[in-house]
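*Asks:* Sharing a structure below in structure tokens format, with a few things to ask.
The values are calculated or read from the model by the stated rules, or taken from the named source; none is laboratory data. Since the model is a prediction, treat every value here as computed from it, not as a measurement. Cβ: placed from backbone, ideal geometry, glycine included. Neighbour counts: every protein chain shown. Note: areas computed on protein heavy atoms with side chains; ligands, DNA, RNA excluded. Shrake-Rupley method; radii C 1.70, N 1.55, O 1.52, S 1.80 Å.
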Amino acid sequence: MCSSDLTALPAIFGTYRRKYPKVNLQLQESYTSGVIDGLLKGTLDAGIVRDGGATPGLEVETLFSEPFVAVLSNKHRLAKQRSLSPRDLRDEPFVFYPPYSSKLAYEKPLSICEAHGFRPKVVQEAPQWLTILRLVGAGLGVSIAPACVERIAAPDVVCRRLRGTKMLSDIELAYRSGEDRPIVRSFSEIVRGGFLSRRK
């Protein structure tokens, strides 16, 4: 999940705490894979993930979807173009996050490139989008990211719309299948309402 996605969450958590002040709300930040693992093991009650996708044993609901963008240094030869084809990035080194963070979230942007005839060469991995953006800004490579990264990008980075793809990245609510505890139902309702208001 991009850091900018977290701007919706404090209000959601604040609403939950005001409505249910006796509930001990504990937050845990992790990769999508870590949240899914926690849900399946029962150490987490509910999670908000990016591109978790269908998972046996879990209900996964899409809350919000956004396109992917190309991420470049502002000194890159393509930086002045308003939009790019994924094919324009064919020979570029890529900076990306590790595949174990989330299989689907990792493969979605790479599949955009594969649909245009190439598999990106990832030369550097980093655990967070903020770090990836810094590395791109320093000229280590390019990336493909959810559009939300534009809100946290420094001036040395530009984000450009990608032509020729309809692939979207999804923010999702996840909880165990058959979950009927009021604590999870009420949390889910507030989360849905928080992201619904964001789309208006």
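*Asks:* Report the one residue of Gln124, His76, Leu58 whose Cα lies farthest in the direction of the positive end of the charge dipole of the chain (charges on C-beta: Lys and Arg +1, Asp and Glu -1; origin at the Cα centre).
*Replies:* The listed residue farthest towards the positive side: His76.
*Asks:* May I have the convex hull volume per residue, in Å³, for the Cα set of the chain?
*Replies:* Numbers: hull volume 24.2 nm³, N = 200.
Per-residue hull volume (Cα only) is 121 Å³.
*Asks:* Let me ask you something else. List the residues of region 86-105 whose backbone N lies under 15 Å from a point placed 7 Å from the Cα of Val123 along the Cα-to-Cβ direction.
*Replies:* Inside the label zone: 89-96.
*Asks:* Where a ≥ b ≥ c are the square roots of the eigenvalues of the C-alpha gyration tensor, would you call region 62-156 rounded, which needs a/c under 1.5, or, failing that, prolate if a/b is larger than b/c, or oblate?
*Replies:* In terms of gyration-tensor shape, rounded.
*Asks:* From the phi angles alone, apply the Karplus equation (6.51, -1.76, 1.60; θ = phi - 60°) to region 33-38 and give each ³J(HN,Hα) in whole Hz, x where the residue is Gly or Pro.
*Replies:* Once rounded to whole Hz, the list reads 4, x, 5, 4, 4, x.
*Asks:* Just how many pairs of Lys in the chain have C-alpha atoms closer than 30 Å, counting pairs that are eight or more places apart or on different chains?
*Replies:* Value for the chain: 18.
*Asks:* Fully extended, how many nm does the chain gain between His116 and Ser177 (0.36 nm per residue separation, minus their Cα-Cα distance)?
*Replies:* Working: separation 61, 0.36 × 61 = 21.96 nm, distance 3.70 nm.
This chain segment gains 18.3 nm when fully extended.
*Asks:* In addition: Run the numbers on region 71-200 and let me know its relative contact order in percent, using alpha-carbon pairs under 8 Å that are six or more apart.
*Replies:* Working: 158 pairs, mean separation 44.2, N = 130.
Over region 71-200, the number comes to 34 percent.
*Asks:* Something else now. I'd like to know which of Tyr31, Gly42, Pro10 lies farthest towards the positive end of the charge dipole of the chain, counting +1 on Cβ of Lys and Arg and -1 on Cβ of Asp and Glu.
*Replies:* Pro10
*Asks:* Let me ask another. Give the angle, between 0 and 90 degrees and rounded to the nearest 10, that separates the Cα long axis of helix 103-114 from the longest principal axis of the Cα atoms of the chain.
*Replies:* Helix 103-114 and the main axis of the chain meet at about 30 degrees.
*Asks:* Next up: Can you give the % of DSSP beta bridges in the chain that are antiparallel, to the nearest 5?
*Replies:* Of all bridge pairs located within the chain, approximately 75 percent are antiparallel.
*Asks:* Top to bottom by accessible area (1.4 Å), largest first, where do Val191, Val123, Val23 land?
*Replies:* Of Val191, Val123, Val23, the descending order of accessible area is Val123, Val23, Val191.
*Asks:* To the nearest 20 debye, what is the magnitude of the charge dipole of the chain about its Cα centre, counting +1 on the Cβ of each Lys and Arg and -1 on the Cβ of each Asp and Glu? It would help to have the intermediate numbers written out before the result.
*Replies:* Numbers: 29 positive and 21 negative charges, 137 e Å.
The calculation lands at about 660 debye.
*Asks:* Nearest 10 degrees is fine. How inclined is helix 9-19 to the longest principal axis of the chain, computing both from alpha carbons?
*Replies:* Result, in degrees: 10.
*Asks:* Next up: Once both axes come from the Cα atoms, what is the angle between helix 182-199 and the longest principal axis of the chain, in degrees from 0 to 90, rounded to 10?
*Replies:* The answer is roughly 40 degrees.
*Asks:* Moving on. In Å², and per residue, what accessible area does the chain have when probed at 1.4 Å with the other protein chains present?
*Replies:* Details: 10530 Å² over 200 residues.
Solvent-accessible surface per residue comes out at 53 Å².
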